[in-house]
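A short worksheet on the structure shown next.
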Amino acid sequence: MLESLVLSPRYSLDAANWLEGIDPSRHYWLWVNGDPQLPVIIPGLIVSSIEELRTVIGQFRSLQPGESLKLTRIVGSCKIHCVSSNCYAIEARVDSALVWHLFDRETMESLLMAAHPDWLPAEKDLELGRRALMRSLNQPVYVP
């Protein structure tokens, strides 16, 4: 059976509210279609140096339509798909459905720049980090 794919509208920096924030661990907190009742948390880019950030930004900028870039973290990953020259998609699950969140190039680069080692979250985004921590503490522990 084929899995369905849902597209979310293309988000841009000057569009309506869709970004709740970026927490201290570089997770992107999005509101699907700008709806605060449909939040999704996407693991963002984390780097250990400016050189590593430059490398990833270079890889992103060289993406051609049909190509993708996987951002791997210790826990979780994120895949960026190049749909066209100014349209990129990040895939995430929303209510068990695979959704591609579409972004223009400027917005995608802004999200990636949050990985800069000197970047600090906004004061309001610190609360997002606390919420993420509380969510992880409420999950069951696996004991083999």
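Readers should treat all values here as calculations from the given coordinates under stated rules, not as data from a laboratory. All values derive from a computational prediction rather than experimental measurement. Cβ sites come from the backbone with ideal geometry, for glycine too, and all protein chains shown count toward neighbours.
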Item to complete: Would you mind counting up the charge near Arg130? Only other residues with Cβ under 14 Å from its Cβ, with Lys and Arg at +1 and Asp and Glu at -1.
Response: -2
Worksheet item: Any idea how far apart Glu109 and Gln64 come out in nm if each label point goes 7 Å out from Cα toward Cβ?
Response: 2.1 nm
Fill in: Separation between Cα centres of region 18-37 and region 62-92, rounded to whole Å
18 Å
Worksheet, complete the sentence: Taking a crude spin-label model, label points 7 Å out from Cα along the C-beta direction, the His116 to Ser77 distance in nm is 2.8 nm
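Could you work out how much longer the chain between Glu127 and Gln37 gets when fully extended? Use 0.36 nm per residue separation minus the Cα distance between them, nm to one decimal. Write out the running numbers ahead of the final one.
Numbers: separation 90, 0.36 × 90 = 32.40 nm, distance 1.75 nm.
Fully extending the segment from Glu127 to Gln37 adds 30.7 nm.
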Practice prompt. Calculate, in nm to one decimal, what Glu52 and Leu98 gain on full extension: separation in residues at 0.36 nm each, minus their alpha carbon distance.
Written response: 13.6 nm
